[in-house]
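As structure tokens, the structure follows; a few thoughts come after it.
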Amino acid sequence: MTLAITDLKVTIGGKDILRGVDLTLEPGRVHGLAGESGSGKTMTGLAVLGLLPHGSRVTGGIALEGRELLTLPPKELNKVRGGEVAMVFQDPATSLHPMLTVGRQLTEHMRHHLGLGRAEARDRAVELLRKVRIPGAEEAYRRYPHQFSGGMRQRIAIAVALACSPKVLIADEPTTALDVTVQAGVLRLLRGLCDELGLAVLLVTHDLGVMSAVADEVSVMKDGLVVETGPRSRVLREPDHPYTRTLLASLPDAEVS
Amino acid sequence: MEKGAAVTPPRPRRPALPPLARFLIRRVLMAILLAWGVTLVTFVLTNLVPGDPVAANLGQRAMNDPEIVAQWRAEHGLDKPLWEQYGLYLQGLVQGDLGDSQQSHRPVSQDLAEAVPATLELAGAAILISLVLGVAFGVIAALRRDRLSDHLLRLVSLIGISVPTFWLALVAFYVFFYRLQITPGSGRVDPALGAPPPVTGLHTVDALLAGQWDVFGSAAGHLITPALVLALYTIGLLTRFTRSAVLEVLGQDYVRAARAKGLPGRVILFRYVLRSALVPVITVAGLAFGSLLSGTVLVEAIFAWPGIGQYAYKSATTLDLPAVMGVGLVVGVVYLVINLIVDVLYGVIDPRVRLR
Amino acid sequence: MRRDPLARKGLLGRLPQAWRQPLAVSGVVIAVAWLVIAVAAPWLAPHDPLAQELPRLAPPGPDHWFGTDQLGRDILSRVMHGARVSIPLTLALVALSLLIGGLLGACAGYFGRWVDETIMRLADLVFAFPTVILAMVVAAALGASLTNAVLAVLVVAWPAYARVTRGLVLGVREREFVLSGRLLGFSAWRSLRVDVLPNVTGPILVLATLDIGTALLLLSGLSFLGLGAKPPSPEWGAMVSSGVEVFDSWWVATFPGLAILTVVLAFNFLGDTLRDALDPRTARAIKERAL
């Protein structure tokens, strides 16, 4: 067990956003977190990294290999961020800085967390770009995000997340902002990296089609609570909770396998 | 800038020049075109106005003598048709001749050569002060949003943009020179020391170049009060603008992504937040420089600073048309250069402008 | 009349909350106080602002709170009467430049093509010069008088409104409810008047409020330079100017200057509050085009 979230509660401005969430992530497994917008799935992901909006109050536990993250001092937490737990955001057009080169954004936290030299960091960055299948990695290192397509940008964002060999990857709607045609490629990449590197992946998505394509486990959230958890095949074929059934029924057709 | 996109030449198949150079050349060509436009405007403006330069320059008695009036007009080329006057003016302009001032009886270019560096020194010092303080205040206010320091800075910046410059100049003169006697009075440098050997025309820089420390001290002492007075307005402007620019950037996804990468706060602030926030701030700083030039007219009067503001005032009130046109041209060109600098900085900072 | 629902919620919906800020409250209080002074100056002022009957250059004291000037006039009375000169003129000035600039900008945005080109290039040319220098040249050419100073400020003030209005009209013109109006066969003027104008008035009024301060600073600046109000008139800029000659009698220049400062400050407080109440997108458009 890599990451264990227990009874996580979050209130923002007196409003209950999360009301006791339990989740566990295992190495080499993709855990899908489904639910409609406002159900609290993105907040769960942000809470792990301590990136909740200003004025949020958090209780409960988030343990990374037995170490409690919620009570870590800021400096220690910064080492966990990017170093042990990394995140991929929804829209690569806005989550990469438009005025910094791809190489800069790939190497700066490597050098900070891992203490690599310029050349070492560069070699590793190019290797990462190859790993996420960016054509012409050497060339791409020097370019800016706006010179890439959306799908390529998300691959770069994934490379950035993987740069410091994290144990946990939180992917918040990683394909929602992409063209349908490139979604499958990015998902296959995520799945492959998860298997190859033994990552524990939390895949936050509202898209049950995405979920069925890559997730090992599936949790369904509603109103700040996890209403159902289990292996993908069971949850998607024989849902226990009525809400999961409504979600499945709202899909256009039986595109769930 | 919008126009820049419209006149972009079709891209050659193999670019002979690096993108930044092509970007620069395009901007410079546009600036030259606009400079010509500025001469046309100044000319039309100074000739459309109903005021009569003859009356302003000759006494009432001389005005009653048609012969003197006619002679004066002929002397200054005012008897020719307008288009011919403009042609002659342009012809002279190409050779660096801006005509003679009717007041000082010297070539306008010579007058301007003395006045422009004085004002550039003043306005340059003021814009430096306002950039440093304005950006710093704006960043602090944004980072401490809705706390006491934010409210205080907001109040101070609002006062900054609300103070009448001419009044503030007078108050500063009274308090620091007359009462406290901690600043030298008017002028650019202590007359006993004399101006440093001219290189750039900026007394502080020239004194440093010549190694004259006492002159530098005197020049800097004379500069600091008017520059601060002039800067207050732009400090307020830049504080307000930087604050909102930084707040906007702080809400961007890439800042959250940078925090998710575990980068230290100062790296995020300087590399991620300021880089983006400074792009709009540069535009405002360019505009602010314009308002500084406006302010010089009022500040120079109080501190007896022999700059373009005073010269403009004197030539406008006496309808000294060649001098007014000279001022218009110089000020217009300064504006164009500032815009050019802003455009180039845009290209340097933002790769999306530089590389398509 | 069809309004963009967003526009209504944007300004009016957020106002009540914005008005509770201390800056907004003090802005309203100061502005109202000055308006009262302007109206009631003849009854409030202890002395005739023009009468030269008091001891000269008397410092502030119980008899003359703000002191007297070098001609033996009561400065408090002159500052009060100055409100009757500066405030109405400034308001009229801003209203006029709003009207002229707004109309030209709306035409430019709505009709496009050569109308747009002509108007906006003209605005660009005005923007190519520092305001005070341009206004000074115009005022000097027209001859020194308060009316001419107002005209001079008008010349440099209208383009800001033209730019903002044009931008807003361009934004609104392409929206569905305007296009549908044109498709129903309404004339260009009707659609400009009925559909477009109501949606751009909010932002323009915010700009105008912020501009009141700028206009007053410029107008009093011209008077300070001797290009506006003529001597006996208790105009604030001219009063500061007369204080330059006797600057060791600090009160002569200080109080009229403070009068300018407080009026400008009050309207900037108000303008800021109004702008915060607007939705952020429009607020940004104002900020960028009208500095």
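For segment B:327-352, a residue qualifies if it is of a type in the set (Phe, Trp, Tyr) and within 14 Å of chain A (Cβ to nearest Cβ), and exactly one does: B:Tyr346.
Among the residues of segment C:232-264, those identified as within 7 Å of chain B (Cβ to nearest Cβ), in a helix (DSSP H, G or I) and of a type in the set (A, V, I, L, M, F, W, C) are C:Val240, C:Val244, C:Ala253, C:Ile260, C:Leu261, C:Val264. Scanning segment A:191-206 for residues that are over 10 Å from the mean Cα position of the chain (by Cα) and touching a residue at least 60 places away in the same chain (Cβ under 8 Å), we see that the one that is surrounded by the most Cβ atoms within 10 Å (Cβ to Cβ) is A:Leu199. Scanning segment B:91-129 for residues that are over 30 Å from B:Ala169 (Cβ atoms) and surrounded by 13 or more Cβ atoms within 10 Å (Cβ to Cβ) turns up B:Gly92, B:Leu93, B:Asp97, B:Gly99, B:Asp100, B:Pro107.
Among the residues of segment A:78-102 satisfying the criterion of being of a type in the set (Val, Ile, Thr) and outside any loop (DSSP other than H, G, I, E, B), which is farthest from the other protein chains (Cβ to nearest Cβ)?
Step by step, filter segment A:78-102, then rank; the result is A:Val102.
Within segment B:150-187, the set of residues being among the polar types (S, T, N, Q) and exposed (fewer than 14 other Cβ atoms within 10 Å of the Cβ) comprises just one member, B:Gln181.
Considering only residues of segment B:291-314 that are more than 9 Å from every other protein chain (Cβ to nearest Cβ) and farther than 15 Å from B:Pro117 by Cβ, which is surrounded by the fewest Cβ atoms within 10 Å (Cβ to Cβ)? So that I can check it myself, show each step before the final result.
To start, the set of residues in segment B:291-314 that are more than 9 Å from every other protein chain (Cβ to nearest Cβ) comprises B:299-300, B:303-307, B:310-311, B:314.
Then drop every residue that is not farther than 15 Å from B:Pro117 by Cβ, which leaves B:299, B:303-304, B:314.
Numbers: B:Val299: 30, B:Phe303: 29, B:Ala304: 13, B:Lys314: 17.
Applying the filter and picking the extreme gives B:Ala304.
For segment C:104-153, residues that are crowded, with 17+ Cβ neighbours inside 10 Å and over 23 Å from C:Gly228 (Cα atoms) total 13. Consider C:Ser97 carefully, then state whether it is out of contact with any Gly (no Cβ under 6 Å at 6 or more places or on another chain), within 17 Å of C:Ala253 (Cβ to Cβ) and of a type in the set (Ser, Thr, Tyr). So C:Ser97 fails the test. For B:Pro306, indicate whether it is in contact with a strand residue (DSSP E or B) (Cβ under 7 Å, 6 or more places away or on another chain) and within 30 Å of C:Leu142 (Cα to Cα). In short, no. Would you check if there is a residue in segment A:1-24 being in a loop (DSSP other than H, G, I, E, B), more than 14 Å from every other protein chain (Cβ to nearest Cβ), touching a Leu at 6+ places or on another chain (Cβ under 8 Å) and of a type in the set (Gly, Ala, Ser)? No: segment A:1-24 contains no residue that is in a loop (DSSP other than H, G, I, E, B), more than 14 Å from every other protein chain (Cβ to nearest Cβ), touching a Leu at 6+ places or on another chain (Cβ under 8 Å) and of a type in the set (Gly, Ala, Ser). Taking the criterion of being surrounded by fewer than 22 Cβ atoms within 10 Å (Cβ to Cβ) and either within 20 Å of A:Leu106 (Cβ to Cβ) or among the aliphatic types (A, V, I, L, M) (or both), the residues of segment A:173-184 that qualify are A:Ala177, A:Val180, A:Val182, A:Ala184.
Within segment B:235-257, which residues are within 7 Å of chain A (Cβ to nearest Cβ) and of a type in the set (A, V, I, L, M)? Once the filter is applied, which keeps residues that are within 7 Å of chain A (Cβ to nearest Cβ) and of a type in the set (A, V, I, L, M), segment B:235-257 yields only B:Ala257. Among the candidates C:Leu23, C:Leu12, C:Leu35, C:Leu91, single out the residue that is at pLDDT below 85, closer than 17 Å to C:Asn268 by Cα and in a helix (DSSP H, G or I). Checking each option against the conditions leaves just C:Leu23.
With the condition being in contact (Cβ under 8 Å) with a residue 60 or more places away in the chain, I'd like the helices (runs of 4 or more DSSP H) fully within segment A:117-177 carrying at least 3 qualifying residues.
The helices (runs of 4 or more DSSP H) meeting that bar are A:150-162.
The values are calculated or read from the model by the stated rules, or taken from the named source; none is laboratory data. Everything quoted here is computed from the prediction, not taken from an experiment. Neighbour counts are summed over all protein chains in view; Cβ atoms, including those assigned to glycine, are modelled from backbone coordinates with ideal geometry.
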